[in-house]
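Note sheet for the following structure.
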Amino acid sequence: MPAHMLQEMSGSYTTTTTITAPPGGLQNGVQKPDPAPQYAEADVRPEIDDTHDPSYQDEEGPPPKLEYVWRNIILMTLLHTGALYGITLVPTCKFYTVLWAYLYYVVSALGITAGAHRLWSHRTYKARLPLRIFLIMANTMAFQNDVYEWARDHRAHHKFSETHADPHNSRRGFFFSHVGWLLVRKHPAVKEKGGLLDMSDLKAEKLVMFQRRYYKPGLLLMCFILPTLVPWYCWGETFLHSLYVATFLRYAVVLNATWLVNSAAHLFGYRPYDKNIESRENILVSLGAVGEGFHNYHHAFPYDYSASEYRWHINLTTFFIDCMAALGLAYDRKKVSKAAVLARIKRTGDGSYKSG
């Protein structure tokens, strides 16, 4: 069993659980090797079906014919056309409109990173009700599917990474893993394997299911209506600037920053923790996705609440979670021990790791 060391920080509700790999040792006079990381993952999070399954392989034969989803193609084209026009309007925007768009982008991003990803997909920490309400609202602002669907796709991505059961399989190229997967029907393997995942933890969470039930009216209000009306009504911004900058441009930036984790962070960068997987360390992605670019680490240790070896280094999401912990709103943050990280680097790293 792995050892759990609790470090008290900022009061009784802000503990950090340090996860260490089971140590090697002598057994019958023979040195035991360090255990495989899958042992620690299964032992730490047995109730979350998100650990990689290396036994799953794509079936042989030609891939199924692509079925385009023309509604999504048209909507994405219109959105990005509007965002491009929004760029031309930025120089003539009022300062408060630009500030509003930026703040809305950060909060929306946190709804994905701290909410749908680290809290609900991987259960890397626990959150009290006020924080969960904030994150479910922020997630709705981001409009990237409701938390339940986002988490289901993401768990499938981890479990069947780089196969046809991975919703945004990077082996199908940059464009597909970035946005193309949203413009075509899901591969049959995604539906088959995704439907077998255990999602009982999210089905039992009333707040998540409430969002799922009322997601369409919620996203219209939070992603489109509110960010447009506030600049227009509160400080007299023109309707065009409010719509094309604070709404269309801001939304397109949030989408593409998130998509880069699926595309660029699986194709460009180093693999210091595990050279056998395609996810990479990409600092530029981390800048845009508020801390989600340390992707080789994240796939090696998906249960780490920081999604990175280094807590606050280019990682606004971890800083946010730690601030919430200091307020007593986040607790039981899971952090992998330095010893376990170094053991994994020695065992499977690509040699690019630099200590310190």
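Just a few scattered comments:
- Entirely in the stretch 168-242, the helices (runs of 4 or more DSSP H) that have 3 or more residues that are surrounded by fewer than 18 Cβ atoms within 10 Å (Cβ to Cβ): 188-194, 200-203, 206-213, 226-234
- Residue in the stretch 309-325 that is without any contact (Cβ under 8 Å) to a residue 60 or more places away in the chain and on the phi > 0 side of the Ramachandran plot present: yes
- Filter pass, residue 127 being touching a strand residue (DSSP E or B) at 6+ places or on another chain (Cβ under 6 Å) and either among the aromatic types (Phe, Trp, Tyr) or at pLDDT 95 or above (or both): yes
- Scanning the stretch 224-247 for residues that are among the hydrophobic types (A, V, I, L, M, F, W, C) and either within 19 Å of the chain's Cα centre (by Cα) or closer than 16 Å to residue 92 by Cα (or both) yields 232, 235, 239, 240, 243, 245, 246.
- Counting only helices (runs of 4 or more DSSP H) that sit wholly inside the stretch 9-113, not one has at least 3 residues that are at pLDDT 55 or above and touching a Cys at 6+ places or on another chain (Cβ under 6 Å).
- Residue check for residue 250: in a helix (DSSP H, G or I), more than 27 Å from residue 175 (Cβ to Cβ) and within 21 Å of the chain's Cα centre (by Cα): no
- Some residue of the stretch 171-189 being hydroxyl-bearing (Ser, Thr, Tyr) and farther than 26 Å from residue 104 by Cα: no
- A residue that is surrounded by 22 or more Cβ atoms within 10 Å (Cβ to Cβ) and more than 30 Å from residue 300 (Cβ to Cβ) occurs nowhere in the stretch 115-125.
Residue-wise test of (1) in contact (Cβ under 8 Å) with a residue 24 or more places away in the chain; (2) at negative phi; (3) among the charged types (D, E, K, R); (4) not in a strand (DSSP E or B).
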residue	(1), (2), (3), (4)
298	no, yes, no, yes
302	yes, yes, no, yes
306	yes, yes, no, yes
334	yes, yes, yes, no
344	yes, yes, yes, yes
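- Residues of the stretch 146-166 classified as part of a helix (DSSP H, G or I), among the aromatic types (Phe, Trp, Tyr) and out of contact with any Leu (no Cβ under 7 Å at 6 or more places or on another chain), total: 1
The values are calculated or read from the model by the stated rules, or taken from the named source; none is laboratory data. If you're wondering where the values come from, they're calculated on a predicted model, not measured in any experiment. Using ideal geometry, Cβ is built from the backbone for each residue, glycine included, and neighbour counts are taken over all protein chains shown.
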